[in-house]
1. Which one is farthest from A192 (Cα to Cα), of the residues in region 138-159 that are free of Cβ contacts under 8 Å to residues at least 40 places away in the same chain and among the hydrophobic types (A, V, I, L, M, F, W, C)?
2. Tell me, yes or no, whether region 94-106 has at least one residue that is surrounded by 15 or more Cβ atoms within 10 Å (Cβ to Cβ) and of a type in the set (K, R).
3. Could you look through region 17-47, keep only residues that are assigned to a loop (DSSP other than H, G, I, E, B) and more than 30 Å from V205 (Cα to Cα), and pick out the one that is modelled with the highest pLDDT?
4. Would you mind telling me which numbered condition in (1) of a type in the set (A, V, I, L, M); (2) modelled with pLDDT of 70 or more; (3) surrounded by fewer than 15 Cβ atoms within 10 Å (Cβ to Cβ) L50 fails?
5. With respect to the numbered conditions (1) at pLDDT below 95; (2) among the hydrophobic types (A, V, I, L, M, F, W, C); (3) in contact with a helix residue (DSSP H, G or I) (Cβ under 9 Å, 6 or more places away or on another chain), which one is the sole condition not fulfilled by F119?
6. With the requirement that a residue be in contact (Cβ under 8 Å) with a residue 60 or more places away in the chain, closer than 14 Å to F97 by Cα and not hydrophobic (A, V, I, L, M, F, W, C), what does region 116-137 give you?
7. If you take the residues in region 125-183 that are of a type in the set (D, E) and at pLDDT 95 or above, which one is surrounded by the fewest Cβ atoms within 10 Å (Cβ to Cβ)?
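The values are calculated or read from the model by the stated rules, or taken from the named source; none is laboratory data. In this text, all values refer to a predicted model and were calculated from it rather than measured experimentally. Reconstructed Cβ throughout: ideal geometry from the backbone, glycine too, with neighbour counts over all protein chains shown.
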Amino acid sequence: MLFSFLGNAQSVKVTYSEKKIISQERLDAMPSDVRGATLAEMKIPKLFDLEYSDGISIYQREKNAKDFKYRSESTTIDENGNAVNSSIIADQKITPFFYYKELKNDLMLFKLTNSNINFDGKDKLVQWNWEITDENKIINGYKCKKAVSKEFNGKFIAWFTEDIPIKAGPEKFDGLHGLILYINTGFIEFTAEKIEILTEEIIIVKPILPSKTVTFSEMFDQASKKFEKDTKIRTKKEDGIFMRTETY
């Protein structure tokens, strides 16, 4: 498979699903309306496409993605015998979003919404300093190795395959000697659902961003301050840096 890839393939296209990781304990601690909306949102698949060609990649929402709104109405009786109406809403809107990366130029461009703030970003690629373990397993028919990063005071688990020897992966993740097929951030998991090895080159157009951009660190700092102001809760950076709060 490795020889075949190097000999014939020009480009790779991968469809990833993204799923929030929420423990039962966290769910139980949520107010009923928030818990209902969260469960509804978790049932909605979020699909993203990664396109890679000659050291350049772009990761963005799959082209058929649509806005989605879930609403559930209910009526309860309070302690005074009065009817109380309530609603549960899970609202997903498609907003501009991508991660564009050039390996040779150590360049990452991104556009996303975090804490209801729109960001246009330009930065270097994230240095993950992966530690490759001896663990192996099969994902989508490919033999994968496990790697762990403890950057940003967190723990990020990646499974990658050297059968597709490109340094690429979902969102901001890359830097391994093979395509990343699975990522677990502790808050979100990314899973490769479909992998296409193409013999024809994909032309990836470099996005044009406004002249004013932010680095990834600046984006996180601004989003964190907005989040803290809105919720009146101070959060630790390691608890939020890779947990996106934007809608799609």
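1. At the first step, the residues of region 138-159 found to be free of Cβ contacts under 8 Å to residues at least 40 places away in the same chain are 138, 141, 143-151, 155, 157-159.
So of that shortlist, the ones also among the hydrophobic types (A, V, I, L, M, F, W, C) come out as 138, 144, 147-148, 157-159.
Details: I138: 12, C144: 12, A147: 16, V148: 18, I157: 14, A158: 12, W159: 10 Å.
Among those residues, the one meeting the criterion is V148.
2. yes
3. We begin by selecting, within region 17-47, every residue assigned to a loop (DSSP other than H, G, I, E, B); these are 21-23, 30-31, 43-45.
When the remaining residues are screened for being more than 30 Å from V205 (Cα to Cα), the result is 21-23, 30-31, 43.
Values: I21: 78, I22: 75, S23: 71, M30: 70, P31: 68, K43: 68.
This residue is I21.
4. (3)
5. Here F119 meets the rest and fails (1).
6. If we filter region 116-137 for residues that are in contact (Cβ under 8 Å) with a residue 60 or more places away in the chain, which is where we start, we get 116-117, 119-123, 126.
Remaining after also requiring closer than 14 Å to F97 by Cα: 116-117, 119-122.
N116, D120, G121, K122, listed by residue number.
7. In the first step, residues of region 125-183 are kept if they are of a type in the set (D, E); the result is 131, 134-135, 151, 162-163, 171, 174.
So of that shortlist, the ones also at pLDDT 95 or above come out as 131, 134-135, 162-163, 171, 174.
On the way: E131: 10, D134: 6, E135: 12, E162: 16, D163: 16, E171: 25, D174: 25.
Checked region 125-183; the qualifying residue surrounded by the fewest Cβ atoms within 10 Å (Cβ to Cβ) is D134.
Matching residues to (1) under 27 Å from T95 (Cβ atoms); (2) among the β-branched types (V, I, T); (3) more than 16 Å from the chain's Cα centre (by Cα); (4) not in a strand (DSSP E or B):
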| residue | (1), (2), (3), (4) |
| --- | --- |
| D134 | no, no, yes, no |
| I138 | no, yes, yes, no |
| C144 | no, no, yes, no |
| A147 | no, no, yes, no |
| I164 | no, yes, yes, yes |
| L176 | no, no, yes, yes |
| I195 | yes, yes, yes, no |
| P207 | yes, no, yes, yes |
| Q222 | yes, no, yes, yes |
